[in-house]
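The values are calculated or read from the model by the stated rules, or taken from the named source; none is laboratory data. As the structure is a prediction and not an experimental result, all values here were calculated from the model. FYI the Cβ positions are ideal-geometry reconstructions off the backbone, even for glycines, and counts take in every protein chain you see. In case anyone asks, the SASA skips ligands and DNA or RNA and just uses the protein heavy atoms, side chains included. Shrake-Rupley method; radii C 1.70, N 1.55, O 1.52, S 1.80 Å.
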Amino acid sequence: MRLELNIVRIARVQFANATAVRNGVLSVNRQELEALVKQDTRLTDVAIELANPGDKCRVVNVADVIEPRARTANSGPDFPGAVGVQGTAGHGTTCVLRGGAVLINDYNIGGSRYQRPDEGIIDMWGPGAEIGPYGRTCNVIVLASPANATSIDEYCVALKIAGLKTAVYLAKAGADLTPDEVEIYDLPLIRETAGDMPELPRVAYIFQVFTNQRVPLPGDPVLYGHHIERIVPTILHPNEVFDGAVADPYRGYAETYLIQNHPMIKELYQNHGNTLRFVGVIISNAPNNAPEYERTANVAANLAKWILGADGAVLTKIGGGAPELTMARTAQRCEELGIKTALALMHQGIDASEITLKASTVFSNVPQVDAMVSMGASTASPMLTLPPAEKVVGTLDGSQTGKELRRPASAIKGSFSQLGDSRLMAVRY
């Protein structure tokens, strides 16, 4: 399967009479885009806002971030099952507006069971912009309220789909341009590479996408337009993950933008043919009870061993404590089958001592699992002083304008990553 990403670089976004890309500037027809979002009758009071790097603008209550992408002619549907019809992602050609981002904000449903404790802050300047990736993107912000008689569940799904539609709408403006660069991801069929590079280990990636510790949002388009709260581990081609088959669960622990640019998969691709043979991705959820995480661990390990023929596996977890149990048991089962494992995980706890205790308790019972990389601890993150903003987007009344905020670094959207993309590092003196 071969995927070609045509990268069009964006340095600034602005409103204009027509949506177009020219000389690195993304122009957006505000009225046209708002009309597109309003086609979903579950949404009302639709508004589009913009934020560029360097603006003294603060965006809050960010539920998800999506990179503008659109399939080119004859390459298949956009975000199949969610925006487009069902089809296979991961092949053909996709236009990417690199440097642009779509933000969706659920700014007036305080107390929703789908919201995380943090505020989902993105600062476009200052210390918040330095540690978070989305202070450096040119952001198109989708704001909308639930229409009368629309439930919170329906509103959240509609808002998520509105963000995906906006990402497609924007990227189509660059689809006919000569790209600034081209990225190619090409991983042949397993049967075609069975005898290739026999000296290199075959490595699979086991990717937790959702945790059943969180309330699943009915209709959330996580995998080809559907949720995965009851899914058994499933093999995907890595290109499918990049190309719109997988979206972050609503108010999830990553962002769809990060999944579209998945750092673990990119790293495995870069090492394919040099230090390893990348054989595929296994996605799973993380159950919250012992019988189901045993089932998940067993199925994932069996797929890695007997279908992908993996000699090694890299595992990441989704946020929370219970996913560590599934991760540990999956790695242990892989080791029992002769698959060497490496775990990359971000811990969560009140302070460093609790995090250390949790990690040692979970993993000391699986002595076979002895290769782990810590990607930090989100709930033990340092405090930041965020300066007053001239403009705040994502509140009902802009009430935070002119106020200095004191927040943990984890409140900055994207500052910590379960997938290995954080810019923060802990150092012990």
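Counting only DSSP H runs of at least 4 residues, each contributing -39500 (n - 2.57), and dividing by the residue count of the chain, the helix-based mean residue ellipticity at 222 nm comes to -6500 deg cm²/dmol. Per-residue Karplus couplings for region 13-21, computed as 6.51 cos²θ - 1.76 cosθ + 1.60 with θ equal to phi - 60°, are listed in order as 10, 8, 7, 7, 6, 9, 7, 7, 10 Hz, Gly and Pro entered as x. The alpha carbons of region 26-74 occupy a box of 39, 29, 22 Å along the principal axes, longest dimension given first.
When only alpha carbons are used to place a centre, region 167-184 and region 81-110 end up 13 Å from one another. The amide H of Gly273, built 1.01 Å from its N in the peptide plane, has Phe278 as neighbours under 5 Å, considering only residues 5 or more places off or on other chains.
Relative to the 2.2 N^0.38 Å rule of thumb, the chain has a C-alpha radius of gyration ratio of 0.96.
Longest stretch of the chain clear of exposed loop sites (GluC sites (Glu not before Pro), DSSP loop, at most 12 other Cβ atoms within 10 Å, sites excluded): 1-198. Near Met372, the amide H atoms lying under 5 Å from its own belong to Leu343; only residues 5 or more places off or on other chains count, and H is placed 1.01 Å from N.
With a Förster radius of 51 Å applied to the beta-carbon distance between Asn271 and Asn52, the computed FRET efficiency rounds to 0.90. Phi angles of region 259-270 translate, via the Karplus equation with coefficients 6.51, -1.76, 1.60 and θ = phi - 60°, into HN-Hα couplings of 5, 5, 10, 3, x, 5, 5, 4, 5, 5, 4, 5 Hz per residue; Gly and Pro are given as x.
To the nearest ten degrees, helix 322-336 and the longest principal axis of the Cα atoms of the chain are 30 degrees apart.
Looking at region 169-238, the trypsin sites (Lys or Arg not before Pro) that sit in a DSSP loop and have at most 15 other Cβ atoms within 10 Å of their own Cβ are Arg230. Here the simple spin-label model places points 7 Å from the Cα toward Cβ, and for Asn23 and Val215 these points are separated by 5.0 nm. Computed from backbone phi with θ = phi - 60° and the Karplus coefficients 6.51, -1.76 and 1.60, the 3J(HN,Hα) list for region 212-228 is 6, 5, 8, 6, x, 8, x, x, 5, x, 7, 10, 6, x, 9, 7, 10 Hz; x is used for glycine and proline. Quick check on my link table: of Lys317/Lys340; Lys160/Lys403; Lys56/Lys413; Lys305/Lys340, which ones sit more than 19 Å apart, alpha carbon to alpha carbon? In this structure, Lys160/Lys403 exceed 19 Å between Cα atoms. Between Ala16 and Val28, Asn29, Arg30, the built amide H atoms are under 5 Å apart, and every one of these is 5 or more places off in sequence or on another chain. Taking every DSSP beta bridge with both residues inside the chain, roughly what % is antiparallel (nearest 5)? Restricted to the chain, the bridges split so that about 40 percent are antiparallel.
Compared with the dominant principal axis of the Cα atoms in the chain, helix 152-171 is inclined by about 80°. Excluding ligands, DNA and RNA, the accessible surface per residue across region 1-89 is 43 Å² with a 1.4 Å probe. Relative to the longest principal axis of the Cα atoms of the chain, helix 352-363 runs at roughly 40 degrees. Split the accessible area of the chain by element, probe 1.4 Å, and carbon with sulfur accounts for 52%. Of the three principal axes defined by the Cα atoms of region 139-211, the extents in descending order read 62, 40, 20 Å.
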